[in-house]
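Comments concern the structure below.
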Amino acid sequence: MASTAGKVIKCKAAVAWEAGKPLVIEEVEVAPPQAMEVRIKILFTSLCHTDVYFWEAKGQTPVFPRIFGHEAGGIVESVGEGVTELAPGDHVLPVFTGECKDCAHCKSEESNMCTLLRINTDRGVMIGDGQSRFSINGKPIYHFVGTSTFSEYTVIHVGCVAKINPDAPLDKVCVLSCGISTGLGATLNVAKPPRGSTVAVFGLGAVGLAAAEGAKMAGASRIIGVDLNPKRFVEAKKFGVTEFVNPSDFDKPVQEVLAEMTDGGVDRSIECTGNINAMISAFECVHDGWGVAVLVGVPHKDAVFKTHPMNLLNERTLKGTFFGNYKPRSDIPAVVEKYMNKELELEKFITHEVPFSEINKAFDYMLKGDSLRCIIRMQEE
Ligand code: NAD
Ligand code: ZN
């Protein structure tokens, strides 16, 4: 075991003291992992739009001070009591939704909604004892979705940690810890487009482009990208997107535009925006009789999905997913192998890179709509 095992570690973390205010790099104390927890040295983390929503806290419950971050790669530093599947030195990806391997969901082949460890965005403490493992001068700093990877060290429940191939470069595969696996799985595991079908993707950020990549892998013949940001159309061809629609170019609802383009509607659509109107359009643009829409974006806490029930009676299906229905511990190692076997390219999702000291730049890039994924290097070279 590392010499730090069982001791408090002092390290740097980016603390969000208030909603929407730049993160501040502080020295924090990270308590040792308790039963069924592991402490991880984070090497790389990246920014996902979900971090930005909860940091802005405009449409989400504010929980501050908090350490955000959930897309990352690292190495196990020490393990708590009862942890047998992980050991110091293991290479891991933390995941915001867990897999206890024991509940009805974990035992079901259809679900990844673990009863014990499913995503909970309002909880800021560990589930074991209801305490935070982070503090500054004895005052607790809250966790975010059980991961809090904007810290050089973090403590995570063992069920939210996927052990991966130690040869996989963590500065690349860290993006599989949330966004890319989510988009890919939303298409491959949930929408399941038949070969030759037409797929619409709403929102061409990293999640949506990963969904497009999944559609390409599944053999879709037309992939229609829908986004309000025309910058997003430039690179989207690399991800298999064949046509583009900007809803602001039309004075009718985008679902009507798509229906005209496709002789009645697309076969599958995947919504990766978080915008409620895009969610409704993504559902209403699928073909009656067989169309399937999958919602991925995280909505405003007061959002209400409104559509005429006839849209469903006419044999359209509406689904949603967290983490592309992947079970983090059981399925993610194999997604990492897809990258290792060159079946899945990750480099094209990584548009920016910054040292930890400049983490706020990653927020600026995402808010301006310039970045897909910005990798944050947590450790000094
Ligand atoms: P991003 O900001 O990089 O991309 C979102 C894209 O959607 C942007 O290009 C934006 O211009 C576009 N957009 C916004 N409103 C739109 C509208 N009304 N119509 C068309 N396009 C619109 O974000 P990201 O990191 O790719 O994440 C995408 C979404 O997925 C976010 O809502 C995020 O919270 C969510 N997410 C969900 C899960 C899950 O498990 N369900 C996991 C990760 C991320
Ligand atoms: Zn995410």
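Is segment 242-257 home to any residue that is small (Gly, Ala, Ser) and under 24 Å from the mean Cα position of the chain (by Cα)? No, segment 242-257 contains no residue that is small (Gly, Ala, Ser) and under 24 Å from the mean Cα position of the chain (by Cα). Answer yes or no as to whether Gly138 is at pLDDT 95 or above and away from ligand 2 (no atom under 16 Å from the Cβ). Yes. If you filter segment 295-342 down to residues that are of a type in the set (Val, Ile, Thr) and assigned to a helix (DSSP H, G or I), you find that the one that is farthest from ligand 2 (Cβ to nearest atom) is Val336.
So in segment 343-381, with the set limited to residues that are of a type in the set (Gly, Ala, Ser) and assigned to a helix (DSSP H, G or I), which one is farthest from the chain's Cα centre (by Cα)? So that I can check it myself, show each step before the final result.
Start the filter on segment 343-381 by keeping residues that are of a type in the set (Gly, Ala, Ser), which leaves 357, 362, 369, 371.
Subsequent filtering for residues that are assigned to a helix (DSSP H, G or I) retains 357, 362.
Details: Ser357: 23, Ala362: 16 Å.
Applying the filter and picking the extreme gives Ser357.
Among the residues of segment 48-80, the ones that are within 17 Å of the chain's Cα centre (by Cα) and within 15 Å of Ala13 (Cβ to Cβ) come to 8 in all. Checked against (1) within 30 Å of Gly6 (Cα to Cα); (2) within 16 Å of ligand 2 (Cβ to nearest atom); (3) hydrophobic (A, V, I, L, M, F, W, C), Val63 passes all but a single condition, namely (2).
For (1) outside any loop (DSSP other than H, G, I, E, B); (2) at pLDDT 95 or above; (3) at positive phi; (4) of a type in the set (Lys, Arg), each residue gets a yes or a no:
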{"residue": "Phe68", "(1), (2), (3), (4)": "no, yes, no, no"}
{"residue": "Ser78", "(1), (2), (3), (4)": "yes, yes, no, no"}
{"residue": "Val83", "(1), (2), (3), (4)": "no, yes, no, no"}
{"residue": "Gly89", "(1), (2), (3), (4)": "no, yes, yes, no"}
{"residue": "Thr97", "(1), (2), (3), (4)": "no, yes, no, no"}
{"residue": "Leu117", "(1), (2), (3), (4)": "no, yes, no, no"}
{"residue": "Val145", "(1), (2), (3), (4)": "no, yes, yes, no"}
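Could you tell me whether any residue of segment 9-30 is closer than 23 Å to Ile359 by Cβ, in contact with a strand residue (DSSP E or B) (Cβ under 8 Å, 6 or more places away or on another chain), of a type in the set (Gly, Ala, Ser) and within 16 Å of ligand 1 (Cβ to nearest atom)? Checked against the condition, which is being closer than 23 Å to Ile359 by Cβ, in contact with a strand residue (DSSP E or B) (Cβ under 8 Å, 6 or more places away or on another chain), of a type in the set (Gly, Ala, Ser) and within 16 Å of ligand 1 (Cβ to nearest atom), segment 9-30 yields no hits at all. Within segment 197-240, the only residue that satisfies the criterion of being part of a loop (DSSP other than H, G, I, E, B), surrounded by fewer than 24 Cβ atoms within 10 Å (Cβ to Cβ) and charged (D, E, K, R) is Lys231.
The values are calculated or read from the model by the stated rules, or taken from the named source; none is laboratory data. Values in this document were obtained by computation on a predicted structure and should not be read as measured data. Note that each Cβ is placed from the backbone with ideal geometry, even for glycine, and that neighbours are counted across all protein chains shown.
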